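Below: the structure, in structure tokens.
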């Protein structure tokens, strides 16, 4: 079963809105075990919407049209689908009534245009969910189907989850459960990961289940996603557990977390488990580290505070490593925390990269490490933050 | 001149990444006066990428392929384009050399896969910009053209702005100059702006040039974009200048900046003009304000530092307004700055909103203001930061 997504709206092509709807639908389709090979964005133009739908019906089994169901003259998705179906529209009295009541209940005047939203191509079926004024439509065309859902995200989501996915799974005659897990990694390049996991990937290419895929996510590291298919949830979870164990055995401490565990959550978890608190000196990182940690620790259970400013980097006569260690120790005692953290940049190298000294000060000693980071200012800060957290993670795990 | 965008990557279809690249490219094309009627997302599959490119070449004059230029086996954009061009690849020695040097400068081991990025279809031309390891490509096919750019946003942007757009405009033989200017506003709703500007918008609907449009941008405020078309740059600039003056006369201090001027840049500009320095107490905002200010003031010309932590919010027995003023005064003297800034949250109201006291302490007095902000934690912080900056902007401008 292949399903295509067509996002409709000139504002999407003009970049005034980023099309998050298609991404969300794509994720839901994947998790429901339905393949999605193409997603298309098209403006509010009859001919071009028509050509996108016709092409979708040709190369896929189902098409989800998202957007263009509003009350204005721009909103023509309904009309185009009726044209492709080769049918007229009928005005649905029950929907028209609901729309009129919705306006009345909000004390707003309804223009006649709004009743266009009650028009349904003959042979199509309105979806039961109707959180707004636009009903979603299920429009069978031969043995294929076009779904129309509004572009308003919460309305779209309710209709896709409530009608589209179950209808697609019923059409696919599908019983299997598909689940996924993300392993989050830091410190290895995508090609390095690919090389390390190549033998396992080759095996999986034969086995077909589970599958794994890489996703480079900038300063969030590289994610390795495992997708498993099974007859029931418990079996799928066992497949994920087993694969996670296999991959962790190969990758070791490069894996820092799973699914929604960010680096700061992992570090805060380690601190909390050990009953430790944290303070940071942000001479180089300028508040970025604090803003991430404090967002993840809103009750300030572990995070005791920070010092930001030129002086937080420590004595400028010392080499970077010693300055970082001095700054970490000083912010630790200033805030009465169990752990102090600091990063200090060294001299930019000829190729533009900057060596950055990372330091963690805690009971039992000071831990320094130097990493070479990209030279442009914003990336330098971003990478210093994630590397500093990763440094502390490894110190705490040791 | 019609240009189509093809975003390549299975992770886009799976919704693991939201395709912001196409939106950005769409915006740039619109501003350059080039029509974009279709944007397509396709996975890392040879046949499907090929069919998307062939269709793009059929219905458009140019195709921008974004993504799939990385070093792994998944990354096949280059190969597909060579196939569509009907040519072999050659390895570009200069690019291979740059890639090898980039790895060496970062102290990382290069795998052989990385050199695939130096492969160029015969007849294609690598783009001059190469911020990463993947060169962009200009690939002429008959009188049409395929551009390939990486999916990494900052690399993609540099190549689209530096090579793709100028090349498209040259191909379009475009003589008219289209330029735009954004007025950034804070403190008025979109419907409020629309009402205030309605008379002018009606005039412009008749005049057709310039045009104005609103773009709600969350905590960046609402942008009012003026687009002007003229025979030459000087005339277009005059149209923009005149329109900006007209709109500013209506909107007053709601306009805080233009184009890329963020609120923090505007505030730093005012501080610098007056020879003032700044320190901030980040009890509520947890480093977020510092990270924005220090990113905009990397030399720390105006920004003297911050204090983050539970105690930075001032004496807990005082009401929020007094605590904010005390915290602003205390961080000001602690860092020897001319201005101290602080925000302190009050009790959450029944409807969930939170009153936040904003304070600026400087020579000549302390300035407090209370704003009602959305209650969820992340938005509360974000809105506190922008409102605090806006508060200081108005204090400094008074």
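The values are calculated or read from the model by the stated rules, or taken from the named source; none is laboratory data. If you're wondering where the values come from, they're calculated on a predicted model, not measured in any experiment. Please note: Cβ atoms are built from the backbone with ideal geometry, for glycine as well, and neighbour counts cover all protein chains shown.
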Members of segment A:272-281 found to be surrounded by fewer than 24 Cβ atoms within 10 Å (Cβ to Cβ) and either touching a strand residue (DSSP E or B) at 6+ places or on another chain (Cβ under 9 Å) or within 13 Å of another protein chain (Cβ to nearest Cβ) (or both), listed by number: A:276, A:277
Scan segment A:37-58 for residues that are in contact with a strand residue (DSSP E or B) (Cβ under 7 Å, 6 or more places away or on another chain), within 10 Å of chain B (Cβ to nearest Cβ) and in a helix (DSSP H, G or I) and report the count. 2
Evaluate the following for residue A:61: is it more than 8 Å from every other protein chain (Cβ to nearest Cβ), out of contact with any strand residue (DSSP E or B) (no Cβ under 7 Å at 6 or more places or on another chain), over 17 Å from residue B:38 (Cα atoms) and surrounded by 17 or more Cβ atoms within 10 Å (Cβ to Cβ)? no
Test residue B:328 against the criterion of being out of contact with any strand residue (DSSP E or B) (no Cβ under 8 Å at 6 or more places or on another chain) and not in a strand (DSSP E or B), and give yes or no. no
Looking only at segment A:196-217, count how many residues are touching a helix residue (DSSP H, G or I) at 6+ places or on another chain (Cβ under 8 Å), part of a helix (DSSP H, G or I) and surrounded by fewer than 18 Cβ atoms within 10 Å (Cβ to Cβ). 3
Counting only residues that are within 23 Å of the chain's Cα centre (by Cα) and outside any helix (DSSP H, G or I), which one in segment A:226-253 is surrounded by the fewest Cβ atoms within 10 Å (Cβ to Cβ)? A:229
Can you confirm whether residue A:182 is assigned by TED's automatic domain parsing to the domain that holds residue A:89 and either assigned to a strand (DSSP E or B) or buried (at least 18 other Cβ atoms within 10 Å of the Cβ) (or both)? no
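Can you name every residue in segment B:387-398 that is surrounded by 14 or more Cβ atoms within 10 Å (Cβ to Cβ) and either more than 14 Å from every other protein chain (Cβ to nearest Cβ) or at positive phi (or both)?
At the first step, the residues of segment B:387-398 found to be surrounded by 14 or more Cβ atoms within 10 Å (Cβ to Cβ) are B:387-396.
Across segment B:387-398, the qualifying residues are B:387, B:390, B:391, B:392, B:393, B:394, B:395, B:396.
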Given (1) surrounded by fewer than 17 Cβ atoms within 10 Å (Cβ to Cβ); (2) in contact with a strand residue (DSSP E or B) (Cβ under 9 Å, 6 or more places away or on another chain); (3) under 20 Å from residue A:382 (Cβ atoms); (4) within 14 Å of chain B (Cβ to nearest Cβ), residue A:261 misses just (4)
Quick one: would you say residue A:360 is within 13 Å of chain B (Cβ to nearest Cβ) and surrounded by 18 or more Cβ atoms within 10 Å (Cβ to Cβ)? no
Considering only residues of segment A:1-24 that are at the interface with another protein chain (Cβ under 7 Å from one of its Cβ atoms) and free of Cβ contacts under 8 Å to residues at least 12 places away in the same chain, which is farthest from the chain's Cα centre (by Cα)? A:14
What are the residues in segment B:293-322 that are surrounded by fewer than 24 Cβ atoms within 10 Å (Cβ to Cβ) and part of a helix (DSSP H, G or I), if any? B:295, B:296, B:310, B:311, B:312, B:313, B:320, B:321, B:322
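Please pick out the residue among A:360, A:353, A:345 that is modelled with pLDDT under 95 and farther than 15 Å from residue B:106 by Cβ.
The conditions single out A:345.
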Criterion: within 18 Å of residue A:390 (Cα to Cα), outside any strand (DSSP E or B), within 14 Å of chain B (Cβ to nearest Cβ) and over 28 Å from the mean Cα position of the chain (by Cα) - qualifying residue of A:284, A:341: A:284
Can you tell me which residue is surrounded by the most Cβ atoms within 10 Å (Cβ to Cβ) among those in segment B:165-179 that are under 23 Å from residue B:57 (Cβ atoms) and touching a helix residue (DSSP H, G or I) at 6+ places or on another chain (Cβ under 8 Å)? B:168
Any chance segment B:257-273 includes a residue that's outside any helix (DSSP H, G or I) and touching a helix residue (DSSP H, G or I) at 6+ places or on another chain (Cβ under 6 Å)? yes
Name the single residue, out of those in segment B:146-157 being touching a residue at least 40 places away in the same chain (Cβ under 8 Å) and assigned to a helix (DSSP H, G or I), that is surrounded by the fewest Cβ atoms within 10 Å (Cβ to Cβ). B:153
Right, residue A:308: farther than 19 Å from residue A:390 by Cα, touching a strand residue (DSSP E or B) at 6+ places or on another chain (Cβ under 6 Å) and assigned by TED's automatic domain parsing to the domain that holds residue A:384 or not? yes
Looking only at residues that are within 12 Å of chain A (Cβ to nearest Cβ) and more than 14 Å from residue B:357 (Cβ to Cβ) in segment B:373-384, which one is surrounded by the most Cβ atoms within 10 Å (Cβ to Cβ)? B:381
How many of the residues in segment B:25-36 are surrounded by fewer than 20 Cβ atoms within 10 Å (Cβ to Cβ) and at the interface with another protein chain (Cβ under 7 Å from one of its Cβ atoms)? 2
Only one of (1) closer than 24 Å to residue A:144 by Cβ; (2) touching a strand residue (DSSP E or B) at 6+ places or on another chain (Cβ under 7 Å); (3) crowded, with 23+ Cβ neighbours inside 10 Å is not met by residue A:13, so which one is it? (1)
